[in-house]
Structure formats: structure tokens, C-alpha cells
Amino acid sequence: MILFLLFASFASSLAFFGFNYSFYPLLIFLLILAFAFFKGWKKAVLCLLVFLLGGLVFLLVPKKMPQSGTISGLVIKAESNYFLLRTFQGVFYVSYKNNPFEVGDIIQGKANYQELTFGHYEGSFDFKSYLKSQGAFFQMSLSAPTFLFKTFLRVNSWKENLLSNYSSASASLLSSLVFFDSMRKVNGYYGIKNLGIIHLFSSSGIHLALLSQAMRKIMERKAGKRITSLSILLAITLISFISGFTPSLERVFLMFLLSFLSSFEKLPSFSYGERLSLTGLLVLLHRPLYILDIGFYFTYPLLFLFFFIRGIFGKRERWMRIKMLLSFGLLVLPLNMFLSYGVSPISLIMQFLLSPLLSFLYLVDLTIFLGKLSVPFLEKINNLVVNILPIFSKVDFIIECGKINVGTVLVFYVGILLIILLKELTFRKEAKIISFVMLGMLVFCFLPDFQTHAEVIFLDVGQGDSTLIRSGRENILIDTGGNTSMDLAQECLIPFFRKEKIYSLDLVLTTHDDFDHVGALSSLNQNFSIKRIVKGGEEKEVVIGGLKISDLNEYRYEGEESNYGSAVYSFPLKKTSFLIMGDAPKAIEERIIADHPSLHSDILKVGHHGSDTSSSKVFLQTLKPMLAVISCGYHNLYGHPSKSTIANLEDLRIPYIRTDQTGSFIYRV
């Protein structure tokens, strides 16, 4: 088990340094030592040596931005609009439209560097953290790049050529299954995502295991075990390469490689646990920052725990397979709760039923390698699957658990380790007590939120507006935002509500009908419980619970521009006054302060995303807000907020918050 000790201590040491000396990875390391002590492993001292070695790895990570100049490097990841370049100075992210480069190319060009900065919205994929997990800490702009070496394997070009023979829906499914691409454009994507079965629609260890079994049954009798194993290894190598050699596929490849090497008599043989440990060490030595990726925790720690749990069940025990499936589902549960803020009760059943079917579909879709001859057959099968996928949206049933603390997840896994140890030491009664405590802890997470709230949340919806008011037990949303490239309700709003244990909206108010304010309303209404919707201008005053919201724009019909019709919502929350300006222009602002000379607002939602068409200096001076909030998208096309608006705020010494810089902002009263 020394390999396990090496892997676990190395992983925890990397996590300790990678998370800025966080307390949790250090605690994990101490738990590993305790676990080794109880197991009677005498070589646990090596853990300390690897712990020190793990910290040294981070000395190799570039701490300062390099200086501009000519640079050459190897392309290690290539997508349609960017690539990662490995150089002697580190790994760099390079944004490049219609990227012509492929993995394996060596290129040269004039480089300029900058910090990693990307657009975002509430709950969006943290691309910056992902890049850091790949070792890329800086962004590079590369001018006049030229090839020093051009690999003959043009995977992206080959992929585009093959997929062009299929319809859009069929191509999306093929691209996900075979090439590890996203299925976001497929109808029904959010249903399978919420069910926790999205991984079944990509290249994975489950599908590759079925592939290896199929190859063994077909080849082993005629070709022999060693030739069959070599053929399987070559097939997995090819699949891993065309799928971008992701860390998960790298694990599968290394596991099969070690298994193949173990078939030689002169080479040492490895058990499953040893192979997993050695694979983990090799992956972390190759990608030390993979420890920062959540995918790492869905792979190695869970597989190790499952490896130990598997030993508890006897091979001939009744219902062993079902018990093992339930055990693995229980292991994954805390991580799913941490990421999705809820779980689907039927997720495990769906995985059990769909796993063999999708593995078979994966094998069928591999016939894409046969080229155009396979098109009619694959087209029909994949279109059939794509047409069935929307059904999963109808069985989408999530039990919300809200935001789970990292410490809670850690305590859960520590409890599992204690249960394993206590059972081995024959303390079965104590193991049962801990099991019930852990079960109670999980149940507690799913209890409803009985607290009363007094807060206003300015949601980060990119270039748009959305504000959530929580008053007592009532939840009121003003505007929903809108994005033409994705479903903002499913991607942003609903996950946020799950995180906050909000089960329904008592009221949705809109300011006006611009898409960046109401574009997500239709999807939100279809996929979330909304008790009442009031559009801007329909009601002058809305009372809900103890909260009164007034629309101050009584002049909307006097202007031809659509923004003249934007509602301006004023409301007090306890002793704090709020004013939500929508997109109301300066002309409306002038009329409002003329008719309400004593109007004051502690918190101002700046009009029109900080555009110079709103927020006149006189208006700001009249309101005298303690804080201004600007809702806008990162590097948006409109240049919001304008320099004049920022100048007005700074001249009047009004502090301001920008969602494009800080993300969602919560103001608690």
C-alpha cells in the first residue's frame, strides 16, 4: 500500500499549496497519516518526504508575467477558438478565432502577455480556474504565428470533415460521445444534466471498459491474450488522443497500460489499488495543478474509497452488485450536492438503466471511423436518441440542499474512512452509530430554509439586469436578464435559487420588454415555480407581504424610445431604501426628481447598465445614495458603463459596485 500512501500524500500536499495554504488539504494529510497508523503501515514516514516534494512542484509555476518577445512552444490543447501553448516559460492561454493549430504543432510568434480575464455570470463555468488547473496562469496574444513543425495528425480538421456529413443534432451527440465535446446545444441537455447522467454521454471509463470487453470476446480466442491486450491498448490510445487526452482518459489509458505490462512475467504485477495509486502519481507528476480541478475529486478519491468499501462485501454476498452500486452512489452524493445544490432521487436508477445502453451507443458511434459509409445508419440511431432526450426534462426532479460547505463534504468522507476502520477492527456497533450520524447530517442538509431574510441580491447575468429581493419569506425577482447564446434561466437563475433554497418566486416584476431584461422569463416560467408576473407599467404599486414596491415612472407614454417605458421601482427594506432604475433615460430622471424633490435612495441600481443616457449628475446629487450598483457584462459591445457615468459617481464620491468585476452582489439589511 506504499503506492497509495505516496499518491494520497502527494495529492494532499499539492492541494495544500495549490489552495493558498487552506486548512482542509492539510487536515486531509494528517488524516492520511492517521489512517496509515491504524492500518499498521510502517513506511508512513515517506508521506512527509512526498509532502515536502509536493510543495516544491509549485516553485515551478510562473509567479510573474513574462516580458514580451519572440517565443516558440508546443500546442498541448486545441479548440476552435483557443489553444494552450507549452513553452519553457510555462503554459499560456491563446485566444485565436478559427484556430488552425492542432495538438502536437510547434509554433513561433511575437508574444504579448496579460492576466487571465473572461466574461462571466452567476453560476457560470469558471474557465479561469480550469485554465489554472491546466497550468495556464497568463494569457498570451500571439502575432504572426508560424509553424516550426506541423503534425500530420490534423484531428480537428478530420473531425469537422466527418461531422459535416451529419445533421446538427446527430453531430452534437456524436461530438460529445466520441470527441468529448459539450452537448449544450442538444434539446434536453438540462434534463440529463440535472439528473446527473451527463457523463454517460461522453467518452468515459464505463464505455471504454465495455469496449475492452467486446474486443476480448471477439479477439482473445484467435489472437491470444497478449495481442488482444495490445490491441485494446492501441484502441484506447487512439480514442484518448482524438478526444484531447483529458485527465480522465489519461487515467484510463495508464490503467490499461499498467495492466498490459503486468502480463509480462519479468515485469512486476500490480493490483487494482496499486495501479490506481501509480496512475494517480503519474498524472499528478505530469499535471500537478489537476489537483485544483473538481474532476480530480470525482475520480481518484472516490475510486480509492470505493476500492476499500468493495472489500467489505463478500464476493458471494446476495445483492452484492446492487449494494456496490448504492455504495458508489452514496460516495458521489456529497460532491453532487456540493456542485449542484441538490440531488435527483432517480439519478442512480437512471445511471443503472442507461449505462449499458449508452455504452452500446458509444460502441456503435465509434463506427464514425469507418467514414461516410456509416452515415445513414448512425444518422438514424443518433436522431432517435436526440429525439428521446427531451423526455428527461419532464422527469427532472431535484431535491434542493442549498449551498454545502467544503467542511461538510470533508466530514462525510472522514466518516466513511472511520466506518471502514471500525469495521476492520470489529467495532461494528460504533460503526453503525457513525453511519446514523452521517445519515442525519445528510438529511439535515435537505431541510427547508426556515429563516426570514432581508436582503437584495444584484445577480450577475452578464450584459443584462436581474435583481432578487428577499423580504421575510417572500422572494421577488425584478427582471431576468437574457442571453441569445444560452438559456440564462437554466444556466444561471435556477441554480442560484437552488443554492439559496428558494423553491418558488412569489412575484416576478419586469421593468420593460428589452431582451437583456426579460429574455430568460419564458424559460424561467416553464422550468420554475412563479406565483405571479407583473410587467412594467401594469401596476403603479405592488404590495406583497410587508413590502410595498412603487413604480415611479408615470411618464412612459410621453417618449417614443422603448427605454422611456422602463419602470423605475422604489421600495424600502427595513430602514434601507432602494431604487431600481431599469433603462430609464435622463429625461425620465428629471421628471421623477421634479415630482419627488425629497426622493432619497440608500442603494441605487444605476440606470441602463451605466450608459451615458442615464445617471445625470443632478439626479445622482439629488438621491445621494450610499452605494450605486452597475449591472453590465464584461467587455460588452456597448462600452457600459460609460466614462461619464463613472466620472459622475467619483466626482460625487459615491461608492459603486460593478457586476462585471465583482460578480453577484448581496446587500443584507
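Rule-based calculations on the coordinates, nothing more; no lab input. It should be emphasised that the depicted structure is a prediction, and the values quoted were computed from it without experimental measurement. As a convention, Cβ positions derive from the backbone with ideal geometry for all residues, glycine included, and neighbour counts pool all protein chains shown.
How much of the DSSP beta bridge set in the chain is antiparallel, as a percent to the nearest 5?
Once the DSSP bridges in the chain are tallied, antiparallel ones form about 75 percent.
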With everything on Cα atoms, drop me the angle between helix 300-310 and the longest principal axis of the chain, reported from 0 to 90° to the nearest 10.
50 degrees
Using alpha-carbon coordinates alone, the radius of gyration and Dmax of the chain in Å work out to 28.2, 92
Run the dipole for region 177-400 about the Cα centre, Lys and Arg Cβ at +1, Asp and Glu Cβ at -1, nothing else charged, and hand back the magnitude in debye, nearest 20.
740 debye
Helix 406-424 against the longest principal axis of the chain: what's the angle in degrees, Cα atoms only, rounded to the nearest 10?
30 degrees
With θ taken as phi - 60° and the coefficients 6.51, -1.76 and 1.60, list the Karplus ³J(HN,Hα) couplings across region 147-153 in order, rounded to whole Hz; mark glycine and proline as x.
7, 8, 8, 10, 5, 7, 8
Positive-end extreme of charge dipole, the chain - chosen from Phe304, Phe179, Ile457 (charges on Cβ):
Phe304
What aspartates and glutamates could a cross-link reach from Lys605, if we take a straight Cα to Cα line under 15 Å and drop same-chain neighbours fewer than 8 places away?
Glu455, Asp460, Asp465, Asp479, Asp551, Asp583, Glu589, Asp660
Could you sort out which of Lys540/Lys574; Lys535/Lys575; Lys394/Lys501; Lys531/Lys575; Lys64/Lys110 sit more than 24 Å apart by Cα distance in this structure?
Lys535/Lys575; Lys531/Lys575
Options Gln661, Ser262, Val386, ranked by Cα towards positive dipole end of the chain, top entry (Cβ charges):
Ser262
With -39,500 (n - 2.57) per DSSP H segment of 4 or more residues and division by the full residue count of the chain, the 222 nm estimate, nearest 500 deg cm²/dmol, is -14000 deg cm²/dmol
Under 16 Å Cα-Cα from Lys217, which lysines qualify once same-chain neighbours fewer than 8 residues away are excluded?
Lys225
Quick one: dipole size for region 453-668, taken about the Cα centre, charges +1 on Lys/Arg Cβ and -1 on Asp/Glu Cβ, in debye to the nearest 20.
940 debye
Treating only Lys and Arg (+1) and Asp and Glu (-1) as charged, each at its beta carbon, one finds that the chain has a dipole about its Cα centre, in Debye to the nearest 20, of 3700 debye
